[in-house]
Amino acid sequence: MNKDDFYELVKHRQSTRAFDTTRTVDREIIARILDAGRLAPSACNAQPWHFIVVDEPELKNKVADAASARLLGMNHFTKQAPVHIVVVEEKVNLSSGIGGIVKDKHFAFLDIGIAAAHICLAAEAEGLGSCILGWFAESKIKKLLNIPDNKRVVLDIIIGYPAQPLRDKKRKTTEEVISYNTYK
């Protein structure tokens, strides 16, 4: 892949909120996407994640229900996606844990964010859409997926074939978000 391919991938990746409900996603494709997440860097190589693929239709719909709030209009599109990747936070290793305490940072959340970005970019490379969800009923998802009480569900990444056109990205200007050598 040349560098231009990567930048085009970044330009085209968007949070997909409409999926083609007639198409499933092959598990071989999901395996490649998850490998991109598995290979993501993490603080002190802690790799504090566990990915649960939910693609069985009935269970997937229950997870989608736990990720939506119809009255608030939140995540009403989640049932359309054929795959949910539920990201569970795992314990960090000793050096990452100590570093997090010393620097007052929760490195596991940062690491999971990096892995989620890898997953979404890999999905885009496969011609799939994705959306990272942080709004969901964690206790319901834990119960549905037999996740131990002492674990945290951090994200639900939904994946499928997009049924929406590419939108123009609305982003702050370069001048608003980038400065050199000093905060402006």
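The values are calculated or read from the model by the stated rules, or taken from the named source; none is laboratory data. Note that this is a predicted model, so its numbers are computed, not measured. Reconstructed Cβ throughout: ideal geometry from the backbone, glycine too, with neighbour counts over all protein chains shown. Note: areas computed on protein heavy atoms with side chains; ligands, DNA, RNA excluded. Shrake-Rupley method; radii C 1.70, N 1.55, O 1.52, S 1.80 Å.
Would you check if THR22 is of a type in the set (Ser, Thr, Tyr) and surrounded by fewer than 18 Cβ atoms within 10 Å (Cβ to Cβ)? Yes.
Evaluating ILE52 against the criteria (1) over 15 Å from ILE159 (Cα atoms); (2) touching a strand residue (DSSP E or B) at 6+ places or on another chain (Cβ under 8 Å); (3) open to solvent by 20 Å² or more (accessible area, probe 1.4 Å) leaves one unmet condition, (1). Among the residues examined, VAL53 qualifies as within 22 Å of ASN150 (Cα to Cα), part of a strand (DSSP E or B), free of Cβ contacts under 8 Å to residues at least 40 places away in the same chain and under 19 Å from the mean Cα position of the chain (by Cα).
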